[in-house]
Amino acid sequence: MKVYIDANAKFMGKRAAEETVKQIKEAVEKRGECRLLLSTGASQFEMFDALATMDAPWNQVVMFHLDEYVGMPATHNASFRKYLTERFIDKVHPKAYFFVNGEDDVEENLRQLTKEVRRAPIDVALIGIGENGHIAFNDPPADFDTEEAYMVVELEERCKKQQMGEGWFATIDDVPDRAITMTVNQIMKSRVILSVVPGKRKAEAIKMTIEAAEITNQVPATRLREHPDWILYLDEDSASMVDRTKLEQIHNH
């Protein structure tokens with residue numbers, strides 16, 4: 001595990017985008033394409049802004065993403081398909097992309113998506129961390145046991161408040177109760193995991209993720225500590241509650 005702390009989200013996003021491009025180039029060189037797994041949400045804005053300006057072999061990138069609300073059309077402002085179309089697909093034009101679709105026959109959608117995602121390992125995964133310590137929509141207590149690639153989950157209250165707080169929904173009642181998420185075990189199969197986590201609102205989650213005495217499904221992001229190649233990107237705000245000595249020890253371990 002490595003940890004980088006930058007002054008603000010813009011510098012942090014640029015650093016993470018540069019590492020993403022480096023990993024993309026390495027994967028393309030070794031395997032002829034890069035299978036890229038993307039996070040969404042307000043925390044990723046600066047990273048996507050930087051990524052869209054960078055030179056990479058985008059025509060050899062196959063994109064997947066983590067989650068989507070059940071029943072939400074791709075035209076809705078909070079849809080992650082809309083988010084990725086506007087911030088990534090329309091800007092870099094990847095070779096292919098496979099959306100998480102929560103409309104119509106969800107089971108069949110997930111069957112097809114699972115087939116695609118399991119054709120080969122994900123090369124580089126950008127995995128954010130939520131205010132409640134979730135990764136994707138694996139809210140606490142997260143299912144650490146399922147071997148499914150994706151599953152439908154009920155969203156817990158703090159997760160819903162985060163979605164509203166970021167401005168995606170006017171009221172908490174507008175936030176859907178259910179979503180599709182990539183599972184924790186599927187995320188952990190990625191070759192490299194990069195977590196871009198800026199902002200004061202994430203400080204408590206980062207403290208719990210780093211300082212929890214053990215890996216626990218009550219703080220799902222602690223599971224990332226078991227990954228052999230995990231890089232965590234913080235800014236001064238998100239790192240503000242963590243014991244810096246502990247961070248330095250982790251980074252230099």
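Observations
- Which listed residue, of ARG119, ARG111, ARG81, is open to solvent by 50 Å² or more (accessible area, probe 1.4 Å) and either more than 30 Å from VAL21 (Cβ to Cβ) or not in a loop (DSSP other than H, G, I, E, B) (or both): ARG111
- Flag if PHE64 is open to solvent by less than 40 Å² (accessible area, probe 1.4 Å) and farther than 19 Å from SER190 by Cα: no
- Within segment 231-246, residues that are without any contact (Cβ under 8 Å) to a residue 40 or more places away in the chain reach partners that are open to solvent by less than 10 Å² (accessible area, probe 1.4 Å) with beta carbons closer than 6 Å, at six or more positions or on different chains, in the pairs MET241/ALA203; VAL242/ILE206; VAL242/ILE210.
- Qualifying residue in segment 98-121 (condition: more than 28 Å from MET208 (Cβ to Cβ), in contact with a His (Cβ under 9 Å, 6 or more places away or on another chain), among the hydrophobic types (A, V, I, L, M, F, W, C) and modelled with pLDDT of 95 or more): yes
- Residues that are crowded, with 20+ Cβ neighbours inside 10 Å and assigned to a helix (DSSP H, G or I) do occur in segment 85-104, at least one of them.
- Residue list for segment 28-42, restricted to those being modelled with pLDDT of 95 or more, in a helix (DSSP H, G or I) and within 19 Å of the chain's Cα centre (by Cα): none
- For the criterion of being within 27 Å of ASN138 (Cβ to Cβ), assigned to a helix (DSSP H, G or I) and touching a residue at least 24 places away in the same chain (Cβ under 8 Å), MET63 fails.
- Count of segment 203-218 residues which are open to solvent by 10 Å² or more (accessible area, probe 1.4 Å) and within 21 Å of ALA42 (Cβ to Cβ): 3
- Search result, residues across segment 201-226 that are under 17 Å from TYR4 (Cα atoms) and either of a type in the set (Lys, Arg) or not in a helix (DSSP H, G or I) (or both): LYS202, LYS207, ARG225
The values are calculated or read from the model by the stated rules, or taken from the named source; none is laboratory data. The shown structure was predicted, so the numbers you read here are calculated from the model rather than taken from an experiment. Using ideal geometry, Cβ is built from the backbone for each residue, glycine included, and neighbour counts are taken over all protein chains shown. Heads up: the accessible areas ignore ligands, DNA and RNA and are worked out on the full protein's heavy atoms, side chains in. Shrake-Rupley method; radii C 1.70, N 1.55, O 1.52, S 1.80 Å.
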